[in-house]
Amino acid sequence: MKFSEFDIPENIMKGIDALGYTEMTPVQSETFPHIAKGTDLIVVAETGSGKTAACAVPLVKHADNNIDAIQGLVIVPTRELAVQYVDTIGDIAKYTDIKSFSVYGGFDIKIQKAKLTHGVHILVATPGRLIDLLYNSELSLSKVNTLILDEADEMMNMGFIDDIEFIMSCLIHEHQTLLFSATMPEDIRKLSKKYLNNPNELHLNKDQVAPQSLAHCFTQCGFRNRLTKVKEYLAKQNPAQAILFCNSRNGANQLFKDLKSIHKEDIDIIHGGMEQQKRTSLFNRFRKGKLKLVVATDVASRGLDFSHVTHVINFDFPSSLEAYTHRTGRTARMGRKGTALTYFSQGNLHELQAIIKKINIKPIWEGCHEPDFKNAKKPKGRRPYRKKK
Ligand code: ADP
Ligand code: MG
């Protein structure tokens, strides 16, 4: 379906055209009619399916520039996602008088407060910063007509559940809530029951969360050989753009140092402990294609639209099934081809087997034989799921 087949005002269509979108993605064409009805909606969809524009178009459409108040509120888990989301809204609203703005931690709250007094119609926020602003009563949500929770499962994983619940409980007047998530854990179910009003539920990822155009490669190798292996792999494949994931900041710093001498200006690093300015700068350089390789911890793996990433490399074995899905979801977006390469050792066999089974993927054994899963032992004393990075 085309955007032009829907009832979208001309000044918004101009913004959509300028972005180069003509055909809607399935998420967009399936959610539009529901969103237009004004009812609450839960959408379980794979990453890279175009959820941002699916929300941004109705958000802009439903905002009235004669009302000097926040009417659309979007909650996202991370600062980078907030920036990305507000950029898309800005593009779509380019030829309208609707103003959007984002607030997130790690940035001067005074500047954000000042900006909020100047007619913001759509606000994108991370939970913590939004609550700081609400407690200081700088901010009124009494005119919010649309609330969007993006990457809801990730917000739960990051321990934001109480914050989200608090924000939802602040919206006591009638409004529409749209909840987006890649998975539907019990916590989110409960939250939806409590705060959503008779929601429709759309499952758009069918049997598997992973995009179809993604090749899942796995290489068995010992801890010590990984660096040599990854250097060889990068030299041989020469990926157009790759993200290399590590489980810890220390590990990421070390890998970055080791690869920097070879890849020089083509490589950089992103993790949660970095200053906001540095993160934003890296994020922009990578999106514009000025960087080829990024070493990252899981903060960078969720929701970010690095549209042209060709390779995702799990240098460290992901700490959960969700982490695997979301890391590898950074590539093969919008039907483009992508490759995920995961290094594993004997100790990861149990988790590897679960990934293959649950996400329903066809593994490609890269430079090794298929491992003997009969030897897979459930790791002892380790929590199956690691929270907050
Ligand atoms: P999600 O939030 O579902 O993971 P995004 O909203 O980040 O996905 O979109 C992924 C990519 O698809 C972005 O680069 C975006 O610009 C692009 N995109 C979104 N909608 C369309 C469309 N209708 N046509 C072409 N590209 C689109
Ligand atoms: Mg998204």
With the condition being closer than 23 Å to residue 59 by Cβ, I'd like the helices (runs of 4 or more DSSP H) fully within the stretch 128-247 carrying at least 1 qualifying residues. 152-157, 161-170, 186-195
Just wondering, is there one or more residues in the stretch 103-123 that are more than 22 Å from residue 32 (Cβ to Cβ) and within 15 Å of ligand 2 (Cβ to nearest atom)? no
Some residue of the stretch 36-44 being of a type outside the set (Lys, Arg) and within 14 Å of ligand 1 (Cβ to nearest atom): yes
Of the conditions (1) crowded, with 21+ Cβ neighbours inside 10 Å; (2) within 25 Å of residue 82 (Cβ to Cβ), residue 281 clears all except one; give me its number. (1)
In the stretch 256-274, is there at least one residue being within 16 Å of ligand 2 (Cβ to nearest atom), closer than 25 Å to residue 153 by Cα and open to solvent by 30 Å² or more (accessible area, probe 1.4 Å)? no
The stretch 354-372 residues that are at negative phi and assigned by TED's automatic domain parsing to the domain that holds residue 314, paired with ones that are part of a loop (DSSP other than H, G, I, E, B) and surrounded by 13 or more Cβ atoms within 10 Å (Cβ to Cβ) (beta carbon under 6 Å, 6 or more apart): 359/208; 359/210
Of the residues in the stretch 279-300, those that are assigned to a helix (DSSP H, G or I) and in contact with a strand residue (DSSP E or B) (Cβ under 8 Å, 6 or more places away or on another chain) number 8
Matching option when the condition is at pLDDT 85 or above, of a type in the set (S, T, N, Q) and more than 16 Å from ligand 1 (Cβ to nearest atom), among 297, 310: 297
Among the listed residues 128, 90, identify the single one that is more than 16 Å from ligand 1 (Cβ to nearest atom), within 19 Å of the chain's Cα centre (by Cα) and free of Cβ contacts under 8 Å to residues at least 40 places away in the same chain. 128
Would you mind finding the one in 16, 12, 67 that is part of a loop (DSSP other than H, G, I, E, B), farther than 17 Å from residue 124 by Cα and of a type in the set (A, V, I, L, M, F, W, C)? 67
Say whether the condition of being out of contact with any strand residue (DSSP E or B) (no Cβ under 8 Å at 6 or more places or on another chain), modelled with pLDDT of 95 or more and away from ligand 2 (no atom under 16 Å from the Cβ) is met by at least one residue in the stretch 73-94. yes
Would you be able to say whether some residue in the stretch 285-300 is under 19 Å from residue 221 (Cα atoms) and surrounded by 15 or more Cβ atoms within 10 Å (Cβ to Cβ)? no
Going by the structure shown, is residue 114 touching a residue at least 40 places away in the same chain (Cβ under 8 Å) and either touching a strand residue (DSSP E or B) at 6+ places or on another chain (Cβ under 8 Å) or open to solvent by 20 Å² or more (accessible area, probe 1.4 Å) (or both)? no
Scanning the stretch 23-52 residue by residue, those touching a Phe, Trp or Tyr at 6+ places or on another chain (Cβ under 7 Å) and free of Cβ contacts under 8 Å to residues at least 40 places away in the same chain turn out to be 24, 32
Residue by residue through the stretch 19-29, note down the ones that are open to solvent by 80 Å² or more (accessible area, probe 1.4 Å) and either part of a helix (DSSP H, G or I) or of a type in the set (Ser, Thr, Tyr) (or both). 21, 22, 26
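Results for (1) out of contact with any Ser or Thr (no Cβ under 8 Å at 6 or more places or on another chain); (2) within 16 Å of ligand 2 (Cβ to nearest atom); (3) not assigned by TED's automatic domain parsing to the domain that holds residue 329, shown as yes or no for each residue.
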site	(1), (2), (3)
15	no, no, yes
18	yes, no, yes
24	yes, yes, yes
39	yes, no, yes
42	no, yes, yes
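Let's see how each residue does on (1) in contact with a Cys (Cβ under 8 Å, 6 or more places away or on another chain); (2) of a type in the set (D, E, K, R):
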position	(1), (2)
153	no, yes
157	no, no
165	no, yes
170	no, no
180	yes, no
185	no, no
188	no, no
Please work out which one of (1) assigned to a helix (DSSP H, G or I); (2) on the phi < 0 side of the Ramachandran plot is the condition residue 274 fails and give its number. (1)
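The values are calculated or read from the model by the stated rules, or taken from the named source; none is laboratory data. These figures come from a predicted structure and were not determined experimentally. Every residue, glycine as well, gets a Cβ built from its backbone with ideal geometry; the counts of neighbours run over all protein chains shown. Note: accessible area is taken over every heavy atom of the protein model, side chains too, but ligands, DNA and RNA are not part of it. Shrake-Rupley method; radii C 1.70, N 1.55, O 1.52, S 1.80 Å.
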